[in-house]
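The values are calculated or read from the model by the stated rules, or taken from the named source; none is laboratory data. On a predicted model such as this, the values are computed, not experimentally measured, just so you know. Note that each Cβ is placed from the backbone with ideal geometry, even for glycine, and that neighbours are counted across all protein chains shown. Remember, those area values only see protein heavy atoms, side chains included, never the ligands or the DNA or RNA. Shrake-Rupley method; radii C 1.70, N 1.55, O 1.52, S 1.80 Å.
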Amino acid sequence: MKKVVLSTLNAKYIHTNLAIRCLKSYIEPEFEAEMAEYTIKDPILNIATDLFSKKPDIIGFSCYIWNIEETIKVIQVLRKILPDVKIVLGGPEVTYDVPYWLERLKGEVDFIVIGEGEETFKQLLEQAHGEEDWSKVHGIAYLDNEKPVIKPQQNKIDLREVPSPFRFEDDLPYLSKRVTYIETSRGCPFRCQFCLSSIEVGVRYFDREKVKEDIRFLMNNGAKTIKFVDRTFNISRSYAMEMFQFLIDEHLPGTVFQFEITADIMRPEVIEFLNKEAPAGLFRFEIGVQSTNDETNDLVMRKQNYKKLTRTVTMVKDGGKIDQHLDLIAGLPEEDYHSFRKTFNDVFELRPEELQLGFLKMLRGTGLRIRANDHQYTYMDHSPYEILGNNVLSFDDIVRIKQVEDVLEKYWNDHRMDRTVEHLVTNCFETPFDFFQQFGSYWEERGWSRIGHQLEDLFKRLNEFLSSQDRHEMNVIEGLMKLDYLSNQRYKPRKPWWGHEMTKEERSGIYQDLLYSPQIAGNEFTELNLSEKEIYKHTLLETIVSKDGSHEYVLAYFEPSNGQSTLFFFDKEYAVN
């Protein structure tokens, strides 16, 4: 029996690759395969050395835009140290431009699997262990006497009959530490021209009861983050409702389920059900908005009712149970800088927990790449094929939008300064986009994008940027920043980012007043019944200026058992009874 290794390079260690697990479960028990996962950050020689140590006869690599170039470097080393090994590539990155890959990887790769790989890979192994008549394998491409041979797939496999990819003993110790990906369907009903999912027609479902059994198994063995990779989880309302109900009924504490949903087709009664029945934090929704420009959406064949999308996102947010991650794509057809600014502001108005700003990638096989000349697109030759410009968006515009990306992640998505950012985007800048863009530009000019940051640095840098503009009420902003900082601290900070405004004597006097009359800081503080030692050890006292211009004290108490902070406010003109 030939030794088979299924491998991939994940983007991060916490990720797992579903594809190689589907292949392994499908080819068993006729064939055995060892899985070998790495990350794109691992040294190439280390990966090649580890694969060499497994003494494989056949290696299959799962390929995506984020790992293809690193995978090729690994293959080039393997070809030198394992000249006889059969190397097979599969995955979305190599499926849609097969002649290009056959030519580019001539002499390095033996076979390319086209599309859905389970049945094709099994046929390939049957021939590898038999007569080696590759013409009998459907869904592969290879060179025969330097001439390309491309064998199209035949019928799709019956997803209701496929074995579970989650029952491997080697995976069990890592389930609690990594993201587990699961699919309950394949295909997408939509035809968005920038997306590979638009190429596969129709949606096919796995067996519902088997999916439920897999989820039970994963939870019982410690899985904490389970992400559904279905392109549109809620395309069937009855199916989505059944799965939501099942997950609500049978989830284990600490488990989180994440879905990609299409927001404008979600019915209000579904959201009302989730708002009423779902435990807080159990579900996370990822919603692709991409653009709010109707002309742009029409050009990429994307049907989107933004009014209904807004209704869904707002209802979910009002429910307070489900975090939402909304995606934008800069660089879509006829979306210039000002139009994208409007898209950004439209979506930020919804205040999603996370707003992801991405840039259009011209993926092989997509309609947008095929018709790139229609909009004068220029883009990178190698993955990730990110655009460099088009007829309405210059590279200079792209650079300005990119300056938004970094600070958006640090200052909004990480929720370190919610009070401060809300005040800035509402009261200090013309629009939210303008705040993030101007701050991002300043961030880049100062060279901060090339260095690391402690939490204190983020506050200092925002303070420096705002101070440099000389047009803001900095005492109010600094008050909000202090509150954000103290709210997000775990345990009493040794050295806050600001300089203390009170003398030691003034602070000591207020502490004595609080010990004598704790009701100064309210009933909740009084109920803590802190001793003198505890108040000095576990609290931090500061002055702030409120939005109305009044001065007050804030006392942050850090619960010693868990570090959780609680803020107490009282007037600067308090009176001791």
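DSSP finds beta bridges in the chain, and of those with both partners inside it, around 40 percent are antiparallel. Split the accessible area of the stretch 332-428 by element, probe 1.4 Å, and carbon with sulfur accounts for 47%.
Remark: the stretch 1-40 carries 41 Å² of accessible area per residue (probe radius 1.4 Å; ligands, DNA and RNA excluded). Distance between the pseudo-spin-label points of GLN564 and ASN305 (7 Å out from Cα toward the beta carbon): 4.2 nm.
Working from label points 7 Å from Cα in the Cα-to-Cβ sense, the GLN127 to ILE248 distance is 5.1 nm.
Could you order ILE150, ILE114 by accessible surface area, starting with the largest, using a probe radius of 1.4 Å? Mind dumping the intermediate values first?
Numbers: ILE150 80, ILE114 30 Å².
Largest to smallest exposure gives the sequence ILE150, ILE114.
Listed by chain and number, the lysines whose C-alpha is less than 18 Å from the C-alpha of LYS361, apart from same-chain residues fewer than 8 away, are LYS402.
The distance from the alpha carbon centre of the stretch 206-223 to that of the stretch 433-474 is 46 Å, rounded to a whole number.
Please work out how much length the chain gains when fully extended from GLN519 to TYR239, using 0.36 nm per residue of separation minus the C-alpha to C-alpha distance, in nm with one decimal. Walk me through the numbers on the way to the answer.
Numbers: separation 280, 0.36 × 280 = 100.80 nm, distance 5.47 nm.
Contour length minus the Cα-Cα distance gives 95.3 nm.
Here HIS15 sits with roughly 50 square angstrom of accessible surface, probe radius 1.4 Å.
Listed by chain and number, the lysines whose alpha-carbon sits under 25 Å from that of LYS321, ignoring those within fewer than 8 places in the same chain, are LYS177, LYS212, LYS224, LYS227, LYS276, LYS307, LYS308, LYS410.
Within the accessible area of the stretch 1-119, what % is carbon and sulfur when the probe is 1.4 Å and the other protein chains stay in place? About 56 percent, which is the carbon plus sulfur part of the accessible surface. Measuring with a 1.4 angstrom probe and ignoring ligands and nucleic acids, LYS86 comes out at about 70 Å² accessible.
Stretching SER467 away from SER135 to a fully extended chain increases their span by 112.5 nm, per 0.36 nm per residue minus the current alpha-carbon distance. Can you list the residues of the stretch 327-350 with backbone N under 20 Å from a point 7 Å past the Cα of ASN413, pointing along Cα to Cβ? Under cut-off, by backbone N: 327-332, 340-350. Just the protein heavy atoms count here, and of the accessible area of the stretch 434-577 at 1.4 Å, carbon and sulfur take up 43 percent.
What's the FRET efficiency of ASP457 with ASN145 using the Cβ-Cβ distance as r and R₀ = 56 Å, to the nearest 0.05? Using R0 = 56 Å, I get an efficiency of 0.35.
Given the C-alpha centroids of the stretch 1-24 and the stretch 508-525, what is the distance between them in whole angstrom? Measuring centre to centre over Cα atoms gives 60 Å.
Solvent exposure of the stretch 282-396, expressed per residue, is 42 Å² of accessible area, with all protein chains present and a 1.4 angstrom probe.
By how many nm would the segment from ARG494 to LYS276 lengthen if fully extended, with 0.36 nm per residue of separation less the alpha-carbon distance?
Values: separation 218, 0.36 × 218 = 78.48 nm, distance 4.23 nm.
So the extension gain works out to 74.3 nm.
Modelled label positions at LYS54 and ASP158, each set 7 Å beyond Cα in the direction of Cβ, lie 3.1 nm from each other. For the stretch 192-301, the convex hull drawn through the C-alpha positions has a volume of 120 cubic angstrom per residue.
Which value, in Å², gives the accessible area per residue of the stretch 225-277 when a 1.4 Å probe is used on the protein heavy atoms?
Working: 2150 Å² over 53 residues.
I get 41 Å² per residue for this part.
PHE190 sits with roughly 60 Å² accessible to a 1.4 Å probe, with DNA, RNA and ligands left out of the calculation. Mean residue ellipticity at 222 nm, helices only, the chain: -11000 deg cm²/dmol; runs of at least 4 DSSP H residues each add -39,500 (n - 2.57), and the sum is divided by the number of residues.
The packing ranking of peptides 132-143, 154-165, highest mean first, is 132-143, 154-165, where packing means the average number of other beta carbon atoms within 10 angstrom of each residue. Size descriptors for the stretch 299-400, from the alpha-carbon set: Rg then Dmax equal 15.3, 45 Å.
Once you reduce the stretch 107-163 and the stretch 225-274 to the center of their Cα atoms, the two points are 35 Å from each other.
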